[in-house]
Amino acid sequence: MTHPTAARPADTRAWWRCPDPRPTARVRLLCFPYGGGPATAYRPWHALLPPEVELCTAQYPGHADRMTEPLADDLERLAVAAARAALPLLDRPFALYGHSMGALVAFEAALWWERLGRRPLRLTASGMPAPHLVRPTGFHRGDDAALLAEMRRLGGIPQPVLDDDSLRALLLRVARADYRLTETYRPRAGASLRAPVTVHRGHDDPELTAAEAAGWALVTTGATVHRVFPGDHFHPVSDPAPVVAELLSALGPAVSPASGR
């Protein structure tokens, strides 16, 4: 029987995309996509990162090149599977970034890693209220028109996707499943990290208020920092440069060429 904390190479390859390998990088940045988002959502970040940082992004089952696999039905189980598959990537200091639904997945993954004694340098949670403040919406139970209206409200969907019947149907299938993950998620009572947390919020993001962002301070014993960026919910996609710059600044000496590994 495979040990519960073991990771098979095939699982790591299935779950994690590291398209620009940097074997001498000092830090790995593990990113978790937003609901409905593929690993390629973070592709533009590679050019913005220095050689000292290697970017690896989770690919959720049922998404993009894993579209033939069943979609996840429980956010915590999704996070644990991703965390277990990433164990071979934790051979150096690592930091986490998650946007929207990805912030919750990153939080649960961090909890699992910390129970194994593997503390991230930092968790950056973007565009999502603290786990205990997630809004009790029910879009996954609505019809396609209501779900599309909500997705249009948030933006971030290319118009050609919405105009193509088959692409729109695929998008709705994946988005509905991911909305369900978030809307049915309930954090375990007392769950708390030790890693420091940075919260990113778009100034015009309707999904995250300042009070909801401040709530992340209650789910870690580490320090918390709150950063506000120009833009809406999808500002990390439309304008990633300020986001990446802040991530690097927060990591500080860990990614400095003058620092030891």
For the range 5-154, with only Lys/Arg (+1) and Asp/Glu (-1) charged at the beta-carbon, what is the dipole magnitude about the Cα centre, in debye rounded to 20? 420 debye
Specify which residue in the list Pro136, Pro61, Leu121 is farthest towards the positive end of the charge dipole of the range 30-169, using unit charges on the beta carbon of Lys, Arg (+1) and Asp, Glu (-1), about the Cα centre. Leu121
Got a sec? Charge dipole of the chain, +1 on Cβ for Lys and Arg, -1 for Asp and Glu; which of Ala149, Phe229, Pro9 is way out at the positive end? Pro9
Looking at Pro187, Ala213, Gly252, which one has the Cα that reaches farthest to the positive end of the dipole of the chain (charges on Cβ: Lys, Arg +1; Asp, Glu -1)? Gly252
Any idea what Rg and Dmax come out to for the chain if you just take the C-alpha atoms, in Å? 17.4, 55
Built amide H within the under 5 Å cut-off of Ala130, gap 5+: Gly215, Trp216
Estimated dipole of the range 1-77 in Debye, rounded to 20 [Cβ of Lys and Arg +1, of Asp and Glu -1, Cα centre]: 260 debye
Search the structure for amide H atoms under 5 Å from the amide H of Val225, placed 1.01 Å from N in the peptide plane, and list their residues when 5 or more places away or on another chain. Val197, Thr198, Val199
Rounded, prolate or oblate for the range 1-60? Axes are the square roots of the Cα gyration tensor eigenvalues, ordered a ≥ b ≥ c, and the cut-off for rounded is a/c under 1.5. oblate
Taking the alpha-carbon set of the range 118-247, what are its Rg and Dmax in Å? 16.1, 47
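Shape call for the range 191-261 from the C-alpha gyration tensor, a ≥ b ≥ c root eigenvalues: rounded (a/c under 1.5), prolate (a/b greater than b/c) or oblate?
Numbers: a/c = 3.17, a/b = 1.20, b/c = 2.64.
Note, shape of the range 191-261 comes out oblate.
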Prolate/oblate/rounded label for the range 1-104 (Cα gyration tensor, a/c 1.5): oblate
Centre separation in Å (Cα based) which lies between the range 54-76 and the range 196-261: 23 Å
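Please rank Leu251, Leu78, Leu218, fewest neighbouring Cβ atoms within 10 Å first, as an exposure proxy. Numbers along the way, then the final one.
On the way: Leu251 21, Leu78 24, Leu218 12.
Listing Leu251, Leu78, Leu218 from fewest to most nearby Cβ atoms yields Leu218, Leu251, Leu78.
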Only counting other Cβ atoms within 10 Å, I'd like Thr209, Thr124 sorted with the fewest neighbours first. Thr209, Thr124
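Would you calculate a helix-derived [θ] at 222 nm for the chain, using -39,500 (n - 2.57) for each DSSP H run of n ≥ 4 and dividing by the full residue count, to the nearest 500? Don't skip to the answer; put the middle values down first.
Details: 9 runs with 89 residues, N = 261.
Rounded to the nearest 500, the figure is -10000 deg cm²/dmol.
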What trypsin sites (Lys or Arg not before Pro) in the range 136-245 are in a loop by DSSP, with at most 10 other Cβ atoms within 10 Å of the Cβ? Arg188
State to the nearest 20 debye the size of the charge dipole of the chain about its Cα centre, where the only charges are +1 on K and R beta carbons and -1 on D and E beta carbons. 1000 debye
Listed by chain and number, the residues whose amide H is under 5 Å from that of Gln59, excluding neighbours fewer than 5 places away on the same chain and using placed H, are Trp16, Arg17
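Computed from the coordinates by the stated procedures, all read-outs in this text should not be read as laboratory data. Please read all numbers here as calculations on a predicted model, not as lab measurements. Note: ideal-geometry Cβ built from the backbone for every residue, glycine included; neighbour counts use all protein chains shown.
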